[in-house]
Amino acid sequence: MIPFRLFALLIFAIGLSCGPAHADRRVALVIGNSAYKSAPKLGNPVNDATLVGGMFKKAGFDSVDVRLDLSASEMRRMLREFAGRTRDADVAVIYYAGHGIELEGTNYLIPTDATLETDGDVLDETIPVERALFAVEPAKQLRLIILDACRDNPFSKTMKRTLASRAIGRGLAKVEPTSPNTMIAFAAKAGSTASDGDSKNSPFAVALVEHLPKPGLDLRKAFGFVRDDVLKSTGYKQEPYVYGSLGGDDVPLVAVKPAATGPQANPQDAIRRDYELALQLATRDAWEAFLAQYPEGFYANLAKGQLNKIAAEETRASAEQKANAAEQQKARLIAERAQKAEQDKAAAAAKAAEEARIAAEKQKQIEQARTEAAEQQRKVAEAAAAKAQAEKQAAEKAKAELAARQAAEKAEQAAKPAAERQMPEADQKVAALSPAPTSNLSAVDLTKSLQSELRRVGCLSATADGDWSAASQRSLTLFNKYAGTQFDAKLASIDALDALKAKPGRVCPLVCNFGSKADGDQCVKITCRAGYRVGDDNECEKIPEKKPVATREDSRRRDSDRKQTEAAPSTPQASGQIYCSSAGCRPVQKGCRLVNGQIPGRASPNGATGGNYEVCN
């Protein structure tokens, strides 16, 4: 009956763990530009991007990439990489906070390194909004772009017009997406500007975080609530606007969470749950039912250990019962004044029973220790399996990102003109050392910047002197090795500089001298406890004990003692005389004699042996 109940409980537990495991894949790219080099710094875009990025993470997005204060090349690279992630995504969102500009009906996002001295520079130094639309286009269900870039643009006031008739608008221009299921949300409607507000975050960002992550709320309603909040908080001076259209069904950014059903477990999870259920029952019938269902494997061995533990407890209980019965028998015999032989027999039986009980108790403790060790081994094995799975997934993700980045770099390389690929090697080196058309760096400044970044990531120890020497080339080769890149080490290039700046910390491993070890980004001296020293393997080892070595002074002292003994006067010794004192007995020394009697005024030195004294000349 008990095995049948256990089987029913196991079936019920397995049924609770079953349920749908599919979920839409959602990815987001968040960019905030505040530190403009040619314009006053904006206060809120970095704070707004951080706030919105945290909202996407809390909403359970599979990938959220938050980037702050990006240059033109960095923005293009981020959009290119994000386009690769949207190919297998159902929902793709781009949020941008910073300066934007409208030129003849086209909207552009302004990077932090833009100067925009003339209206023609807009085409070279900014990123068109169509580039962001292209990045989200592969998403299957929803494409959403949120632009908090309708601020009053300082560049338009100082920008020189190459054509007097060329129009530069106030705010951003109206956009009508051509792709289905695509929405573009502006912080302020076309032709008007947005406010940064008086607090840490803009009114638009605060309203987005309040309404977008509500589970099951349709985006159109969510942006309607955002509009109401912003109008109210700005005194009806700023009105957000949404362009694009969606279908008839509700399209929430965060779906309503289904009933908790749990993820689909691997085959071992079912065995583990059955094992834990049997562990809660902790009876012989439960473990025998488990072994009948799973006769082999890791958990079967654990179940056998549990059975051994129960058997040891039963043996101990049986031995204790026998000991108690023997004690009762002994007491009965004593009470009835039985014969001494019967009493001795009962006492022996009681002693044997007690010894059996003690042995059974020890065996129980041994089985208990074995069971605990097996349980610990099980937990360690499960943790190792979970860690291995996580490392495998992280490695596959890193491998996919690296493949996408390398494919994009190869595509850019293939897009270069044939004339550039046919340039002589010397000309190519000069071209690589020359700054890109969109960069203000000279060849020396580019080399120094690249050397400084190599020092920052731990790949170069020399100073940044602007000379692309063999040491600098070796450091770039070392960076390629640990970062998985393939830059030409003979040339100092803008692409290599961008790749180095994208690394947040150390890339090349820290190498320390003998007697030191790596501790974070520093080498610290190895300190050994007393009696130990640093060995050849840079680890602490015990100092071997030194054997005493005879010195020339010891040899000289022994020769002097021998000569004094030989030079001492020789007085005949009384044959067979023994001198005894409290320290023991010994023969009378050479040149001395034994005297009987007590010297007046002196105590006997040998205590009870009498007044015997050793007198020497």
For segment 280-388, convex hull of alpha carbons as volume per residue, Å³: 105
Protection-proxy order for peptides 295-306, 149-160, 104-115, each taking the mean of Cβ atoms within 10 Å per residue, highest first: 104-115, 149-160, 295-306
Given charges at beta-carbon only (K, R positive; D, E negative), |dipole| of segment 102-211 in Debye: 280
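I need the peptides 522-535, 117-130 ranked by packing, meaning the mean over residues of other C-beta atoms within 10 angstrom, with the highest value on top.
Numbers: 522-535: 11.4, 117-130: 17.1.
So the peptides 522-535, 117-130, ranked by packing, come out 117-130, 522-535.
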Amide H contacts under 5 Å for ARG25, placed H, 5+ residues apart: ASP90, VAL91
Loop-resident sites, segment 312-410, for GluC sites (Glu not before Pro), counting at most 12 other Cβ within 10 Å (DSSP): GLU336
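Values quoted throughout were computed directly from the atomic coordinates according to the rules given, and no laboratory measurement underlies them. Here the structure is a predicted model, which means the values were calculated and not measured. Note that we place each Cβ from the backbone using ideal geometry, even for glycine, and neighbour counts take in every protein chain shown.
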